[in-house]
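Colleague: A single structure is presented below for examination.
Rule-based calculations on the coordinates, nothing more; no lab input. Remember, it's a predicted structure, so these values are computed and weren't measured experimentally. Counting neighbours? That spans all protein chains shown, and the Cβs are built from the backbone with ideal geometry, glycine included.
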Protein chains: 2
Amino acid sequence: MKIGDAAREAGLPVKTVRYYADIGLVDPQGRSESGYRDYDAAAVAKLRFVSRTRRFGFSIPECRELLSLYADDGRESADVKRLAEAKIAELDTRLAELTDLRNELVRVATACAGDGRPDCPILERFAALDSSGG
Amino acid sequence: MKIGDAAREAGLPVKTVRYYADIGLVDPQGRSESGYRDYDAAAVAKLRFVSRTRRFGFSIPECRELLSLYADDGRESADVKRLAEAKIAELDTRLAELTDLRNELVRVATACAGDGRPDCPILERFAALDSSGG
DNA sequence: ATAAAGGTTCCAGCAACGGGAGACTCAAGG
DNA sequence: CCTTGAGTCTCCCGTTGCTGGAACCTTTAT
């Protein structure tokens with residue numbers, strides 16, 4: 001199977017699949033005589049796996065680790081669970097930060113009249129001297 | 001005031017301040033005879049302003065726009081409010097995505113025994129054939 | 001006089017690809 | 001057989017917002 005079909009089956013851009021091959025994340029099964037990358041079912045499964053794990057917010061190195069766990073029949077599910085839980089904690093932190101940010105922005109935007117006057121609490125908030133205040 | 005002091009006052013790394021000067025986002029007031037960047041109070045205020053807006057999730061181009069609004073006495077607060085509200089909507093979208101992601105991960109992690117067995121619902125979930133399923 | 005601390009420039013690189021050039025290959029149609 | 005068009009190849013540059021390092025210069029303190 002050529003790269004275009006593999007990419008379509010995995011739901012990834014061709015460029016991305018080629019990139020994954022370049023960095024040795026998902027290698028094609030081999031090459032055709034004319035030099036085309038050749039993907040078999042196993043390689044496509046890995047691509048699909050990576051596609052999903054990427055969508056779950058895992059970095060390439062993390063995907064690499066998960067992929068090796070996936071490919072290794074003797075893997076310990078505890079390892080996988082540990083990775084997933086660490087990622088959940090990360091997401092929680094990020095969510096809290098983003099929520100704070102959003103509430104802060106809502107507060108200043110609400111205080112802003114939004115008319116044509118040059119006074120603007122948003123800008124004043126940004127320009128505030130202290131960077132600690134909420 | 002030299003770059004180090006300006007950076008400290010703005011709460012930014014020196015490298016970042018230099019970078020902002022390079023891209024013309026916040027220029028120093030001038031240069032000393034020996035070529036050192038010289039920051040006055042106005043420049044430091046701009047640095048602090050940018051530092052805050054960056055922390056609020058605005059991109060550099062957006063900061064540039066806000067900065068020009070900030071620097072322009074005749075600015076319209078409506079422009080600023082519009083920018084802030086667009087950013088809030090963005091944050092909401094991003095928050096929803098991250099929340100979905102997190103819940104999905106929690107679900108699969110919960111289903112995983114986490115013991116030494118090779119069975120792992122997390123990996124199976126990642127490896128799932130359909131990419132449409134919740 | 002000398003050493004440490006801080007400044008300068010430029011160059012390289014990070015994540016994770018995307019865009020596009022220029023050459024090649026393959027499948028179909030006339 | 002030839003042509004056309006789509007797909008593929010490699011290669012290199014660009015993105016975002018910095019960060020680190022090298023090699024050198026200036027200032028400050030002792």
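Colleague: Convert each backbone phi in the stretch A:60-67 into a coupling constant with the Karplus relation 6.51 cos²θ - 1.76 cosθ + 1.60 (shift: θ = phi - 60°), then list the ³J(HN,Hα) values in order as whole Hz, x for Gly and Pro.
Modeller: Each residue's phi maps through the Karplus curve to give 4, x, 5, 4, 4, 5, 4, 5 Hz.
Colleague: With respect to the cross-link table entries A:15/A:87; A:15/B:87; A:87/B:46; B:15/B:87; B:46/B:87, which display a Cα-Cα separation exceeding 32 Å?
Modeller: A:87/B:46
Colleague: Cα-based Rg of the stretch B:1-68 per 2.2 N^0.38 Å, rounded to two decimals?
Modeller: 1.03
Colleague: How large is ³J(HN,Hα) for each residue in the stretch B:96-106, as worked out from phi by the Karplus curve 6.51 cos²θ - 1.76 cosθ + 1.60 (θ = phi - 60°), to whole Hz, x for Gly and Pro?
Modeller: So the Karplus estimates, Gly and Pro as x, are 4, 4, 5, 5, 4, 4, 4, 4, 4, 5, 4 Hz.
Colleague: Where the only charges are on Cβ atoms (+1 Lys, Arg; -1 Asp, Glu), what is the dipole of the stretch B:1-112 about its Cα centre, to the nearest 20 debye?
Modeller: Its charge dipole is roughly 400 debye.
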